[in-house]
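**Q** Questions regarding the structure given below will be posed in turn.
Please treat every number below as a calculation from the coordinates, not as lab data. Model, not experiment: these values are computed from the prediction. Positions of Cβ are backbone-derived with ideal geometry, glycine not excepted, and every protein chain shown enters the neighbour counts.
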Amino acid sequence: MRDEFLKRIRNELEEKEKAREELIVKSRELRLNSSKAIANIHSGNPEKSSEHLDKAGKILEEVLELWNHHPELFYLAHDSVQEYVEAYVFTHAIESLRLPEYLPVAIPQCVLPGLADCVGELRRYALTMMVRGESLEKVERVVGLMEKIYFILVEFDFHDRLTGNLRPKLDTARNLIEKTKSDLISAKVMEGIKSSIKPSAKNDLSPNPD
């Protein structure tokens, strides 16, 4: 067997190994910044969230560039790109109370599960709003976004290998939506009770004209 032939194979593998190591590092950075973008929205730091999301977006471009050259290695970045989609949709939804028209990535196995996971983050945010006593009308709009995501995704009735194992995530999303709607109903009932108690309490404290 000729040396040139073996050398060509070796060079190809060395190139792939270098790309593999770079993709692992970039994927870790992408996932970390996406997670921080989500965490900062929950902690009430939208500016910090935006910084991390912008950084994640730049890393995403590098990851996709590596994917274009070495598609067989993309499995290494799948979860981190999915996390980015989740962060991107979640931050946009909370900032504008609308879903984004487009996403910076269009890989079905990352986009669809990332959207489904966003439902869980929206539930967490809705619960925080209720605990803080924020407008229940705004909470209702967040629940509406959760339902909108679900109804978008339910249309993608394809094999799980094509959708990134979407089906079980959809089942989870449906359960989370029902729980959040139940929590919202309870919050409305409590708000109604409080508003009915306040006037009567004032009347009790009023001086007796007799």
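**Q** Return the FRET efficiency for the residue pair HIS42, PHE5: r is the Cβ-Cβ distance, R0 is 45 Å, and the value is rounded to the nearest 0.05.
**A** After rounding, the FRET efficiency stands at 0.20.
**Q** Between the stretch 47-66 and the stretch 88-125, how far is it from one alpha carbon centroid to the other, in angstrom?
**A** If we compute the Cα centre of each part, the gap is 15 Å.
**Q** To continue, here is another question. Just tell me the longest site-free run in the chain, where the sites are trypsin sites (Lys or Arg not before Pro) in a DSSP loop having at most 15 other beta-carbon atoms within 10 Å.
**A** With trypsin sites (Lys or Arg not before Pro) excluded where exposed in loops, the chain gives 99-210 as its longest stretch.
**Q** In the stretch 85-120, whose amide N lies under 13 Å from the spot 7 Å out along Cα-to-Cβ of ARG132? List them in ranges.
**A** So the set is 94-95.
**Q** Another question about this same structure. Tally Lys/Arg at +1 and Asp/Glu at -1 over every other residue whose Cβ is under 11 Å from the Cβ of GLU72; what's the total?
**A** So the surrounding residues net to +2.
**Q** Now a separate question. How far, in nm, would the chain grow between THR172 and GLU61 when pulled straight, counting 0.36 nm per residue and subtracting the alpha carbon separation? Can you show the working numbers first?
**A** Working: separation 111, 0.36 × 111 = 39.96 nm, distance 3.03 nm.
Difference between extended and current length: 36.9 nm.
**Q** Report the full-extension gain for the segment SER50 to GLU12: residue separation times 0.36 nm, less the Cα-Cα distance, to one decimal in nm.
**A** Additional length available on full extension: 9.8 nm.
**Q** I've got another one for you. Using the Karplus curve 6.51 cos²θ - 1.76 cosθ + 1.60 with θ = phi - 60°, work out ³J(HN,Hα) for each residue of the stretch 131-143 in order, rounded to whole Hz, and write x for Gly and Pro.
**A** Values, residue by residue: 5, 6, x, 6, 4, 5, 5, 5, 4, 4, 5, 5, 4 Hz.
**Q** Compute the Kirkwood hydrodynamic radius of the chain, taking the inverse of the mean of 1/r over all pairs of distinct Cα atoms, and give it in Å to one decimal. Before the final figure, lay out each step's value.
**A** On the way: mean 1/r = 0.0506 Å⁻¹.
19.8 Å is the Kirkwood radius here.
**Q** If you place +1 on the Cβ of every Lys and Arg, -1 on the Cβ of every Asp and Glu, and leave all else neutral, what size is the dipole of the chain about its Cα centre, to the nearest 20 Debye?
**A** Using Cβ point charges on Lys, Arg, Asp and Glu, the chain gives about 460 debye.
**Q** In addition: What's the local net charge at LEU30, with K and R +1, D and E -1, over the other residues with C-beta under 14 Å away?
**A** Details: positive: LYS26, ARG28, ARG31, LYS36, LYS55, LYS58; negative: GLU22, GLU29, ASP54, GLU61, GLU62, GLU65, ASP79, GLU83, GLU86.
Net charge around LEU30: -3.
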